[in-house]
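Worksheet for the structure shown next.
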Amino acid sequence: MPARPAALLLAAALLLSAASARADRALLPPSLVALDSPEGQRLLVGASAREDFFHLVHTYVSQERPSYCGVASCVTVLNALPIAAPEPAFNQVNFFNPAAQRIRSAEDVGRGGMALDDLGDLLRAHPVEVKVVHASDTTLEDFRAAVSKNLGNANDYVIVNYERSEVGQESLGHISPLAAYDAPSDRFLLLDVARYKYPPVWVPAADLFRAMRTTDPTTGQSRGFVLVSPAPDATPPPPAKKPMSPLVFIAGAALGIAFLLGAGAGAGVATWRLRRTSRRARADA
C-alpha cells in the first residue's frame, strides 16, 4: 500500500468527522474510539489497512430517512467504485432503479429497512459483484482476515450489518461501511451513516463480529457483511480530471496557514504602530 502523509490523513479524518460534530451527538461507550479524537487519529495514521478510507472519505453520506442506513451505505460504496454512475452520481433516490424496485421498493425499505440478503440483492441491481456472508457461517479469524485484506486494496469495499447494542450503542439493527483496520489494537473503522447521531468510530473486531452474529428477527438468520467489487463487464466511469497530489494539497494548506499567520502578524504590527503614534501625539499636545 502506498505511503500516505500523516498530515493528509489527519486532514481527511477531521474533514470526515466535522459533519458528525453536532450538539445532539450521542455519547460513545468507552469501548468505541471516535475518529476525531486524538486516539482515533493516531489509529488511522498507524492503521495496517486503510486504502478504502481514502476513497470513501469523498463519498460518505448520511442516511436521509430513519430506515435508509442500508441505502446510504450502498450509495457510499457505489460512488467509490470505478463504475459508471447516473448523473451526477448515485444518490438515495436513483439507487432504486427499475431492477432494484423489483426487488424491494423505496417505500418498502422506507417502512422497514433491509436485511442482509436484501442488501446483497439490491446491490446486484447495479453493475457490481457481491458476496454475502452471514456471521453464523464464518469465524472471527476468517472475518478479520478477509475484511482486513479487502480494506488494504482499492476498488472493493465492505458493508456490515450488525446489532448496535452489542457495541455499546442503542438497541437497533444497523448497516454501515468499514474504512480501515488497525492490527495492533484489532479495531475496524466504522463509518456510521447515521452521521447526525454518531461519528465514525473504531470498534473492536471481536465486538463487531459478535454484533453481526446476532439474529435478525425479520429473517431468523444472523446478520453479517457483504463484499462489493465492480462486475467484470461494468462500464468504467468517464475520465476525470487528474486529482490533486497529496503533497500539493498539504503545501497549499501550509501556504494558506502561513498567509493567515502573516496577515495576523501584519495586523498586529500595524495596530502597535498606530498606538505608538497616538501616544506620541498625546505626549506632544
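Is it fair to say VAL75 is at pLDDT 95 or above and either among the charged types (D, E, K, R) or buried (at least 23 other Cβ atoms within 10 Å of the Cβ) (or both)? Walk me through it before giving the result.
Working: at pLDDT 95 or above: yes; either among the charged types (D, E, K, R) or buried (at least 23 other Cβ atoms within 10 Å of the Cβ) (or both): yes.
So VAL75 passes the test.
Considering only residues that are surrounded by fewer than 16 Cβ atoms within 10 Å (Cβ to Cβ) and either modelled with pLDDT of 90 or more or hydrophobic (A, V, I, L, M, F, W, C) (or both), which ones fall in segment 12-36? Even if it seems obvious, please write down each step before you answer.
Step one: of segment 12-36, the residues surrounded by fewer than 16 Cβ atoms within 10 Å (Cβ to Cβ) are 14-15, 18-19, 21-27, 29-31.
The answer is LEU14, LEU15, ALA18, ALA19, ALA21, ALA23, ALA26, LEU27, PRO29, PRO30, SER31.
With the condition kept exactly as written, say whether any residue in segment 78-86 is modelled with pLDDT of 95 or more, in contact with a strand residue (DSSP E or B) (Cβ under 9 Å, 6 or more places away or on another chain), farther than 19 Å from TYR68 by Cβ and outside any loop (DSSP other than H, G, I, E, B).
no
Determine if segment 174-188 includes at least one residue that is part of a loop (DSSP other than H, G, I, E, B), free of Cβ contacts under 8 Å to residues at least 24 places away in the same chain and over 16 Å from VAL133 (Cβ atoms).
Taking segment 174-188 first, the residues part of a loop (DSSP other than H, G, I, E, B) are 183-186.
When the remaining residues are screened for being free of Cβ contacts under 8 Å to residues at least 24 places away in the same chain, the result is none.
No; the residues of segment 174-188 include none that is part of a loop (DSSP other than H, G, I, E, B), free of Cβ contacts under 8 Å to residues at least 24 places away in the same chain and over 16 Å from VAL133 (Cβ atoms).
Are any of the residues in segment 216-236 hydroxyl-bearing (Ser, Thr, Tyr), at pLDDT 95 or above and assigned to a helix (DSSP H, G or I)?
no
Just a yes or no: is a residue in segment 193-206 at pLDDT 95 or above, in contact with a Pro (Cβ under 7 Å, 6 or more places away or on another chain) and either over 18 Å from GLU51 (Cα atoms) or not polar (S, T, N, Q) (or both)?
Within segment 193-206 (the criterion being at pLDDT 95 or above, in contact with a Pro (Cβ under 7 Å, 6 or more places away or on another chain) and either over 18 Å from GLU51 (Cα atoms) or not polar (S, T, N, Q) (or both)), the answer is no, since none of the residues qualifies.
Collect the residues in segment 105-123 that are under 20 Å from the mean Cα position of the chain (by Cα) and within 12 Å of VAL133 (Cα to Cα), keeping them in residue-number order.
Once the filter is applied, which keeps residues that are under 20 Å from the mean Cα position of the chain (by Cα) and within 12 Å of VAL133 (Cα to Cα), segment 105-123 yields LEU116, LEU119, GLY120.
Within segment 179-192, track down each residue that is of a type in the set (A, V, I, L, M, F, W, C) and more than 11 Å from LEU208 (Cα to Cα).
Hits for segment 179-192 are ALA179, ALA180, ALA183, LEU191.
Could you check segment 104-138 and list, in sequence order, the residues that are part of a helix (DSSP H, G or I), under 13 Å from TYR68 (Cβ atoms) and touching a residue at least 60 places away in the same chain (Cβ under 8 Å)?
Start the filter on segment 104-138 by keeping residues that are part of a helix (DSSP H, G or I), which leaves 106-112, 116-123, 135-137.
Keeping just the survivors that are under 13 Å from TYR68 (Cβ atoms) gives 106-112, 118-119, 122.
Correct list: GLY112, LEU119.
VAL93: in the same structural domain as GLN221 (by TED's automatic domain parsing) and touching a residue at least 24 places away in the same chain (Cβ under 8 Å), yes or no? Explain how you work it out, then say what you get.
Numbers: in the same structural domain as GLN221 (by TED's automatic domain parsing): yes; touching a residue at least 24 places away in the same chain (Cβ under 8 Å): no.
Considered against the rule, which asks whether it is in the same structural domain as GLN221 (by TED's automatic domain parsing) and touching a residue at least 24 places away in the same chain (Cβ under 8 Å), VAL93 comes out as no.
Report, ordered by the first and then the second residue, all pairs with beta carbons closer than 9 Å, sequence separation of six or more or different chains, a first member in segment 154-166 that is closer than 19 Å to PHE54 by Cα, and a second member that is of a type in the set (Phe, Trp, Tyr) and in a strand (DSSP E or B).
VAL158/PHE188; VAL158/PHE225; ILE159/PHE225; VAL160/PHE188; VAL160/PHE225
The values are calculated or read from the model by the stated rules, or taken from the named source; none is laboratory data. Keep in mind that this is a model prediction, so the values were computed, not measured. No Cβ is skipped: glycine too gets one built from the backbone with ideal geometry, and neighbour counts run over all protein chains shown.
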